[in-house]
1. Any idea which of (1) open to solvent by 60 Å² or more (accessible area, probe 1.4 Å); (2) within 16 Å of ligand 2 (Cβ to nearest atom); (3) in a loop (DSSP other than H, G, I, E, B); (4) of a type outside the set (Phe, Trp, Tyr) is the one ASP94 doesn't satisfy?
2. Determine whether ASP253 is open to solvent by 50 Å² or more (accessible area, probe 1.4 Å) and without any contact (Cβ under 8 Å) to a residue 12 or more places away in the chain.
3. Whether any residue in segment 131-145 is away from ligand 2 (no atom under 16 Å from the Cβ) and either open to solvent by 20 Å² or more (accessible area, probe 1.4 Å) or farther than 20 Å from ASP225 by Cβ (or both) is what I want to check.
4. Surrounded by 14 or more Cβ atoms within 10 Å (Cβ to Cβ) and either more than 20 Å from LEU247 (Cα to Cα) or in contact (Cβ under 8 Å) with a residue 60 or more places away in the chain (or both), is that true of THR173?
5. Within 12 Å of ligand 1 (Cβ to nearest atom) and either within 12 Å of the chain's Cα centre (by Cα) or modelled with pLDDT of 95 or more (or both): which single residue out of GLU104, GLU144, GLU125 fits that description?
6. Being within 28 Å of SER115 (Cα to Cα), open to solvent by less than 60 Å² (accessible area, probe 1.4 Å), away from ligand 1 (no atom under 14 Å from the Cβ) and of a type in the set (Ser, Thr, Tyr) is the requirement here; does SER76 meet it?
7. Would you mind telling me which numbered condition in (1) more than 16 Å from ligand 2 (Cβ to nearest atom); (2) of a type in the set (A, V, I, L, M); (3) touching a strand residue (DSSP E or B) at 6+ places or on another chain (Cβ under 7 Å); (4) not in a helix (DSSP H, G or I) ALA86 fails?
Amino acid sequence: MLSVHQLAAFNDNYIHILLDEAAQEGVVIDPGDAEPVLQAVAQHGWHLTEIWATHHHADHVGGAPKLQQKLGLTFSAAGSDARRLAGIDRALQDGDRLRLGRYEAQVLAVPGHTSGHLAYWFEDERRLFCGDTLFALGCGRLFEGSADEMWHSLSRFKNLPGETLVYCAHEYTLANARFALSVDPGNPALLKRIEEARALRDKGLPTVPFRLDLELETNPFLRADRGEMAKALGLDQAPAEKVFAALRKLKDDFK
Ligand code: ZN
Ligand code: FE
């Protein structure tokens, strides 16, 4: 089994450590802070070899230099970010394949939140590491991309198998739930999902990872191509990109 360990960082970030236990090899995804990673490594005796970054924001790569220096990790990130992200050892692009022991991940370019945003897709293991592109019941803000680009990026995820486990980089679920309810109040799957998320958070447990098929039924941003979502926004017959753009704008202004 590919094992995944989740570390909490800052207010609501998740750092994920992936291990091939048999091969004694590990990768860390989005180490915004080096400390929790160094602590976990010291505690468990893991042998990490690489850092994979989803995008250039400090809460995802801030710990990379220290981990490169202290643990000798190789730093892989989007080649298109090489000018603004120091210390990249391996420049990645869409379609690249990365190995972790016996496992293989495919690099997906998913611009929108940032122009160089990447996701890591383990097809055989049905696991997706998507950074700040897709969140439970939400999606990333459009800092460097257009709504069309983000919709296209999310559409790549929509086509993955329903049983895929999605590991996003923030615990935003309950905050996103408030907005989702405001635009999709009559969705019974959404109501049930929010109850489950509340129960987890009440116990101090993460809502990440989550299943993609559940997301397709409850995340308003992934449902921008559904007639009922267009209708709810008064955009009947509008293309999905338009509905998505309207949803993203509403969420940006949502209090
Ligand atoms: Zn970000
Ligand atoms: Fe972030």
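The values are calculated or read from the model by the stated rules, or taken from the named source; none is laboratory data. Since this is a predicted model, take the numbers as computed values, not measurements. A quick note on method: Cβ atoms are made from the backbone with ideal geometry, for glycine too, and the neighbour counts reach across all protein chains shown. The area values use the complete protein model at the heavy-atom level, side chains included, leaving out ligands, DNA and RNA. Shrake-Rupley method; radii C 1.70, N 1.55, O 1.52, S 1.80 Å.
1. (2)
2. The answer is yes for ASP253.
3. no
4. Taking the combined requirement at face value, the residue does not satisfy it.
5. None of the other options fit; the residue is GLU144.
6. In short, yes.
7. Result: ALA86 fails condition (3) only.
Yes/no matrix, rows are residues, columns are (1) closer than 22 Å to LYS255 by Cβ; (2) within 19 Å of the chain's Cα centre (by Cα); (3) hydrophobic (A, V, I, L, M, F, W, C):
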| residue | (1), (2), (3) |
| --- | --- |
| SER153 | no, yes, no |
| ARG156 | no, yes, no |
| GLU171 | yes, yes, no |
| ASN176 | yes, yes, no |
| ALA180 | yes, yes, yes |
| ARG198 | yes, no, no |
| LEU233 | yes, no, yes |
| PRO239 | no, no, no |
